[in-house]
1. Tally the residues that are touching a residue at least 12 places away in the same chain (Cβ under 8 Å), exposed (fewer than 11 other Cβ atoms within 10 Å of the Cβ) and not small (Gly, Ala, Ser), restricting the search to region B:165-183.
2. For region A:40-60, indicate whether the set of residues that are within 14 Å of chain D (Cβ to nearest Cβ) and modelled with pLDDT of 95 or more is non-empty.
3. Identify the single condition in (1) at the interface with another protein chain (Cβ under 9 Å from one of its Cβ atoms); (2) out of contact with any Cys (no Cβ under 9 Å at 6 or more places or on another chain) that D:Asp100 does not satisfy, given that it satisfies every other one.
4. Take the conditions surrounded by 15 or more Cβ atoms within 10 Å (Cβ to Cβ) and within 22 Å of C:Gly122 (Cβ to Cβ) and apply them to C:Pro50. Does it pass?
5. Can you pull out every residue in region D:284-307 that is more than 7 Å from every other protein chain (Cβ to nearest Cβ), under 15 Å from the mean Cα position of the chain (by Cα) and under 30 Å from D:Val101 (Cα atoms)?
6. Of everything in region A:332-353, what is within 14 Å of chain C (Cβ to nearest Cβ) and farther than 16 Å from A:Gly5 by Cα? Give them in sequence order.
7. Looking at region D:132-164, which of the residues that are crowded, with 24+ Cβ neighbours inside 10 Å and of a type in the set (S, T, N, Q) is farthest from the other protein chains (Cβ to nearest Cβ)?
8. Just one of (1) of a type in the set (Asp, Glu); (2) in a strand (DSSP E or B); (3) surrounded by 19 or more Cβ atoms within 10 Å (Cβ to Cβ) trips up A:Glu66, so point out which.
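The values are calculated or read from the model by the stated rules, or taken from the named source; none is laboratory data. This structure is a prediction, so every number in the text was calculated from the model and none was measured. All Cβ positions, even for glycine, are placed from backbone atoms using ideal geometry, and neighbour counts span all protein chains on display.
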4 protein chains.
Amino acid sequence: MQGNGWGKIFRLTSFGESHGAGIGGVIEGCPPGLEIDLDFVQAELARRKPGQSRITTPRKEDDAIEFLSGIHQGRSLGTPIGFLIRNQDQKSKDYDHIKDVYRPSHADFTYDQKYGLRDHRGGGRSSARETAARVAAGAIAKLALARLGVKVWAYVSQVGTLALDKPYAELDPALVESNIVRCPEPETAERMIRLIEQARAKGDTLGGIITGVATGVPAGLGEPVFDKLHADLGKAMLSINAVKGFEYGSGFAGSSLFGSEHNDAFVMGPDGRVGTATNHSGGIQGGISNGQDIYFRVAFKPIATLMRKQESLGPDGLPTTILPKGRHDPCVLPRAVPIVEAMAAMTLLDHYLMNLARF
Amino acid sequence: MQGNGWGKIFRLTSFGESHGAGIGGVIEGCPPGLEIDLDFVQAELARRKPGQSRITTPRKEDDAIEFLSGIHQGRSLGTPIGFLIRNQDQKSKDYDHIKDVYRPSHADFTYDQKYGLRDHRGGGRSSARETAARVAAGAIAKLALARLGVKVWAYVSQVGTLALDKPYAELDPALVESNIVRCPEPETAERMIRLIEQARAKGDTLGGIITGVATGVPAGLGEPVFDKLHADLGKAMLSINAVKGFEYGSGFAGSSLFGSEHNDAFVMGPDGRVGTATNHSGGIQGGISNGQDIYFRVAFKPIATLMRKQESLGPDGLPTTILPKGRHDPCVLPRAVPIVEAMAAMTLLDHYLMNLARF
Amino acid sequence: MQGNGWGKIFRLTSFGESHGAGIGGVIEGCPPGLEIDLDFVQAELARRKPGQSRITTPRKEDDAIEFLSGIHQGRSLGTPIGFLIRNQDQKSKDYDHIKDVYRPSHADFTYDQKYGLRDHRGGGRSSARETAARVAAGAIAKLALARLGVKVWAYVSQVGTLALDKPYAELDPALVESNIVRCPEPETAERMIRLIEQARAKGDTLGGIITGVATGVPAGLGEPVFDKLHADLGKAMLSINAVKGFEYGSGFAGSSLFGSEHNDAFVMGPDGRVGTATNHSGGIQGGISNGQDIYFRVAFKPIATLMRKQESLGPDGLPTTILPKGRHDPCVLPRAVPIVEAMAAMTLLDHYLMNLARF
Amino acid sequence: MQGNGWGKIFRLTSFGESHGAGIGGVIEGCPPGLEIDLDFVQAELARRKPGQSRITTPRKEDDAIEFLSGIHQGRSLGTPIGFLIRNQDQKSKDYDHIKDVYRPSHADFTYDQKYGLRDHRGGGRSSARETAARVAAGAIAKLALARLGVKVWAYVSQVGTLALDKPYAELDPALVESNIVRCPEPETAERMIRLIEQARAKGDTLGGIITGVATGVPAGLGEPVFDKLHADLGKAMLSINAVKGFEYGSGFAGSSLFGSEHNDAFVMGPDGRVGTATNHSGGIQGGISNGQDIYFRVAFKPIATLMRKQESLGPDGLPTTILPKGRHDPCVLPRAVPIVEAMAAMTLLDHYLMNLARF
């Protein structure tokens, strides 16, 4: 109800501040009897964790997950899965300097306006550290989707103004993890890494775009009219820290086409199933999956925390100066890839389960 | 639950097929004692209705609304507001030819896949006629927001490749209704109208972009972490027929900026309230409104129904040909402006009410 | 969210005041392709309607239902089913005398306290007329349950102090409709009818108890821990006007037994399925159905509207006198039987559908 | 959605099996800035914990709670409050004997039917140990209600056939904790204790009734028509393990009264506020609180686990014998008092907050 949950059937309710005891959540609706590969879950968390490479924050968090319930002898019980990821490498003192100042383009001011108080250390609840819970639940969702033949993957397709201009279908998912920026085109990846290193050297930050893909999604998922599949995918992505935009299929570019160019003609596939000749629809028509690949793009703004001096105001309304001391990412994109995948996986599994609730 | 409702406190549950008895809904959570200006509600519906100008479908629907409950002596009772808009100008025979064919990029195929049957006439539940219920509920939401000093407006900012390249702040909301395409820049509006007429002459269709704006929104609205204000606005827009993308504030373009360019410095406003020097944030930080203007852009694909011959498949999987006989819009944008406003108004009011649920 | 809906998957959202345009609702989650027997729905409404016998209010309402959507060629589409039952026999003037007085044990005072205004005519939203929407939706639920082999029935088991002391299993469901009080034991029924007539002659009213039964419910329905099947059945019943208590299985009496008396031993049934020797559990163990009959009892208070003079207060806090002029039931029980059945049917179907949402 | 949550605004989502890592939950919607008295929370848990007296199970659990988020410097942040109560005194081996047998009137059979597998140790998710999470969240709710002047209390009013026949208004809440059975009438309490000891000596168990009371509840809480205040209170109570019935105000007994006896006349109170001369309504009219005391009764069945031999069936359908070895309560009532209070407190606070969501 109040913003801490995602999904209706497969549902994550999350909790946690960046400098409290930990981050965690409760997963409801996981199908019973599912083998829970704990190593896989931990590996997914490792893809998101800080300190994983030279282009992420040097802050170290193992992000070791402890499952508290809902799993017995390696299999899900159908009961809620509670889990906890304790915070470790907290240098709360690093944040004393922002106790009395609103960091530009951060949530300090708005949390104060909404709640009347806030945990200023590391951004508290507004910290992207919260997304660890999403990745954990998303890993469980991926395990369930694997049994259904659904695969979700994502990659960095743009950093700053440097864009990879190949469509997803020409890329090899296996290459995403071949480099630290998570772009499946090695040469572009190298250039992106250099760009990020340059920005960091200047104490500046970069935004970019992540492309997400889901294959093997059966036709029929999505609930008209308000819970269209792409509407839920869009909300899922927009709920991730720093996201400013979402488009699927032909997206914004598609609005410049004529209908005669944009329409996807139905064709009979070699497998005897109805398919489409093109896929401007992005695998979704009328809010319901049509069995084709689903693909979408997510725009991230540059991170607000600069490693340079900025002017701002304090809660008292008086001007002040900030010079961040914490350890921060110059570009959130590489670590956001598993988050995008996790939100997509949870959303697709939730819609799959919802679609079963008929006879 | 199953996709027919929008909002948590202020909530619309809608029903209706394009060729059934009518379209309608139930509005819950309308604050009690609100004066319901029925003429205003009807006027909003008139902005969406077909046949309103020479660039919309010639289909005629009065879209006369009947309120069935929840209003007594001109004021809301706090109880659910039921309403009904009867369908009138139905030429169901016009749709006999699509009973046995899947129209490209329509929802015919996916509805069949999901439900096993469908009302083929006029698209049934997948018809944009469903949005009349949204506009009705949105009009009530606007009346409530007016009491709070919140104003929502939208306009067509692009048709096909023809874009209005002025920011919203330089435009006059009063001019939106000065022309039939709903672009507040008269000269561009004229060019858009001509473009639409040319497309129609060729039996083709056009997409475009609508920009939405909300002013007077108090700081503090939005529920972290999954129900961020912009995430709900995004889902609201993506749930509208034909929408392919959503961005707010700096949006996709913002992902190319450096953080040092993108950050909005806090400044003390002349009214003694904290404001920002720029507004790349689009009035939302950390998912919570900061008191600045909220603005966003919504991408619409070109309408799928062409007035020309198309090849397709039928439910039997065999090739067939379609030549539409119905009456259709060449460009949905002008009629979608009140829909965008309605969804934004409902979303903002809902978040306003949710934010009251604390002490 | 705000109290006008029932169910999660199969969900009714209702609207309507007793003296407004009508009563109606939206049914979501009805399985697609279900044959909708309109005569059956209307017949169920006839069991609830006023004026059906000499022991109910003489007010006349046909309660003719109009379906507005979601049904095509006699079958459900899977899309929301909107419906409307127009109010007809409104003598709103009959209620002018209660505009400025709070009727004892009615909702006049509490609605004023909550909303600041109310539609005083006939009780407005607090009128039991609202339950017509429940019966309509319950009829649809019964049609769906019939396909699953689940049968729901109820009967009047007590009026005032006159109780039928046979267990449900010794009664014949076919006899419920054999008399106007809906007690399947003809002799007791006669005595109940006389009791009601005597109370009416004195301008007084009677309460009583309705017993509900569900047979054929498969094992496995119910969602631990908060949405136990009996917890939802209990809320369903307690939400009906005038209900003061709910018990299932052994109920209140069971709390006086020893565990050694109360436990239901598991036995192998003749059909090779696990059953129980006794059924103190009322067909539900740990909140989940066990395949045995579900049975429960619902306590109704005597109706608050007396046809005699009562002292009360007005909104101004000053003493005043009421002498009702409307047309009222001396005992709500006979008309409440289909309401109890409807709420039980909706609840069971909803849980059945929820239980499908796993793999 | 799937039964692990309670409340809409103030919402607990719980997790945990009796023999897993622990029991815990996430509390959403706690008003920000509330002082969280951790000692009070722990004291409430102590009222529920096993091993607290000679008439409860000798099993020892400290039920030490760890708060994981949502509290900073002793005050609630408005963000979700995660908490964990680790399981300690687990003798899982004690349950090996029930791995392959369905205990009569337990949830073993139904969990197997629903999920296809279960954690048999200690009942897993169906164990009443789950209610520790309710008591923790209820304690937070009580702290919030205290700021509003609302007080919730409960007591054991019947054990087996031994009933305390004084109305709540003649009892002293301060005496509830004066004895180990939690009956505020010392003499009756002694007799109840003896009764429980006798039952235990025979390896048998007892049920009973708990009466709950809420004072200081403002008029206006409750959401017509499905979420009537007493309907939610009823579901809250029915969701507690072993509960078989719920009644409020005059309850089942009220159904035997005439309307002329049952109606509560409105009177002007000495404080200038509208009150009622009697309170058969139990403080709720039309589903909305009227400012009078709310009171209700909850029926508990005798606990199913007997310390004597019972016949039953195994998952293989073959007859078998059980002789429990675990440590169990002979009567759940004394430990259930804080659970009843917790569920009532959460429900009232939730409705209070929901009622704020209007203007």
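1. Going through region B:165-183, the residues touching a residue at least 12 places away in the same chain (Cβ under 8 Å) turn out to be B:166, B:168-169, B:171-173, B:176-177, B:179-183.
Still in the running and exposed (fewer than 11 other Cβ atoms within 10 Å of the Cβ): B:169, B:172.
Filter once more, so that each one left must be not small (Gly, Ala, Ser): B:172.
Summing the residues that are touching a residue at least 12 places away in the same chain (Cβ under 8 Å), exposed (fewer than 11 other Cβ atoms within 10 Å of the Cβ) and not small (Gly, Ala, Ser) in region B:165-183 gives 1.
2. Of the residues in region A:40-60, the ones within 14 Å of chain D (Cβ to nearest Cβ) are none.
Checked region A:40-60: no residue is within 14 Å of chain D (Cβ to nearest Cβ) and modelled with pLDDT of 95 or more.
3. Of everything listed in (1) at the interface with another protein chain (Cβ under 9 Å from one of its Cβ atoms); (2) out of contact with any Cys (no Cβ under 9 Å at 6 or more places or on another chain), D:Asp100 misses just condition (1).
4. Numbers: surrounded by 15 or more Cβ atoms within 10 Å (Cβ to Cβ): yes; within 22 Å of C:Gly122 (Cβ to Cβ): yes.
The answer is yes for C:Pro50.
5. If the condition is that a residue be more than 7 Å from every other protein chain (Cβ to nearest Cβ), under 15 Å from the mean Cα position of the chain (by Cα) and under 30 Å from D:Val101 (Cα atoms), then no residue fits.
6. The first filter runs over region A:332-353 and keeps only residues within 14 Å of chain C (Cβ to nearest Cβ), leaving A:348-353.
Once the filter is applied, which keeps residues that are within 14 Å of chain C (Cβ to nearest Cβ) and farther than 16 Å from A:Gly5 by Cα, region A:332-353 yields A:Tyr352, A:Leu353.
7. By that ranking, first place goes to D:Ser157.
8. The failed condition is (3).
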